Amino acid sequence: MRKGSGMKRPDWFLLGMGVAVALAWLFPDPGAKGGSLHPELVNKLGVSLIFFLHGLTLSFAALSAGTRNWRLHLLVQLCTFLLFPVLGLCLLLGLGTSIGPELRTGLFFLCALPSTVSSSVALTATARGNVPGAVFNATLSSLLGVVLTPLWLGLVLGAAGHSLPLGRVVLDLLLWLVLPLFIGQALRPLLGAFATRHKPRIGVLDRLTILLLVYTSFCDSVKAGVWSAGLTPLLVSTLSSLALLAIAMLFVSSASRALGFTRPDRITALFCGSKKTLASGVPMARLIFGANPGLGMILLPIMIYHPIQLVVGGWLAGRFGASNGPRSELESAATLNP
């Protein structure tokens, strides 16, 4: 594509999600339970690799720089782990029994997920927001999600008559998510410089691993005939995602103004408080729901929400950034290395 054409190349990761789903539809056997890819083992190893790489590339200095603004952190975390789950409960009550149990679980799973790390920080930097505050909140959200996401799911699924072995789920998340994250962080003195130099390649490896998890997650669903409902789940997921994102952004924007936040803090709250993570959501779903044949349907809402939040967030970040002054060195680095 020629420079100056004004057009951006499509995000290969978003295209890759479509390819992964199509491959699962066409060739479900290798990635299904008992298949030649051995998903029972490969999925857990993939989850560990993703969070090891996150720990290896996470700058503790950038994280510690954003620890002091407690009002910003409280608003973001309350929006992520209280406002969204409450909205999810209202959504389920409104939809009633018009949708299947897997999609109901998927919609609430979306609402219970933590915020993103990379896109929250990158969009905050582009919009000239409080980058250290974004790094701190995104990382804190990921750690809190290890406990709060399965806790919310346990409460809601239990009320609906479905059991969730909460103790085993949290133990699995600690073993396969948190432990690799801290191992990666502990190895930063040895491998941090290498990870910084090769961060784009590490990012590609991270995304390819997520695409493998997306593929294996949909294979069992295809074999079990979960997708016989047609386009209805896609339509419900899209409309629900648009409504959730709009309400969350309006709430965070209004609350941050009412609390008297500075413009950089309002930007950080807006992006961190409205995001939901696909990068952590897919691995968490694999561990929480295991070999559930409806896992593909459970993941559908977050796979729809992810590109919507990126498109809307990118448009807003561009508008905010154009109205501010030149970037700081930290903002430029965060944008170049999300």
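The values are calculated or read from the model by the stated rules, or taken from the named source; none is laboratory data. The structure displayed is predicted, hence computed values, not measured ones. We place every Cβ from the backbone using ideal geometry, glycine too, and count neighbours over all the protein chains shown.
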**Residue selected from the range 179-190 under the condition loosely packed, with under 14 Cβ neighbours inside 10 Å and of a type in the set (A, V, I, L, M), by the criterion farthest from Gly35 (Cα to Cα)** = Leu190
**Request:** Inspect all residues belonging to the range 192-200 and state whether any of them is surrounded by fewer than 15 Cβ atoms within 10 Å (Cβ to Cβ), in a loop (DSSP other than H, G, I, E, B) and more than 21 Å from the chain's Cα centre (by Cα).
**Result:** yes
**Asked** So which helices (runs of 4 or more DSSP H) stay within the range 211-326 end to end and still have 3 or more residues that are of a type in the set (Phe, Trp, Tyr) and buried (at least 20 other Cβ atoms within 10 Å of the Cβ)?
**Response** none
**Item:** Qualifying residue in the range 75-89 (condition: buried (at least 18 other Cβ atoms within 10 Å of the Cβ) and either among the small types (Gly, Ala, Ser) or at pLDDT below 90 (or both))
**Value:** yes
**Request:** Take the range 290-300 and flag every residue that is modelled with pLDDT of 85 or more and more than 16 Å from Ile210 (Cβ to Cβ).
**Result:** Met297
**Message:** Tell me which helices (runs of 4 or more DSSP H) are completely within the range 14-115 and hold 3 or more residues being free of Cβ contacts under 8 Å to residues at least 40 places away in the same chain and more than 20 Å from the chain's Cα centre (by Cα), or say none if there are none.
**Reply:** 84-95
**Request:** Select from the range 15-42 the residues that are surrounded by 16 or more Cβ atoms within 10 Å (Cβ to Cβ) and within 23 Å of Pro307 (Cα to Cα) and write down the one among them that is modelled with the lowest pLDDT.
**Result:** Met17
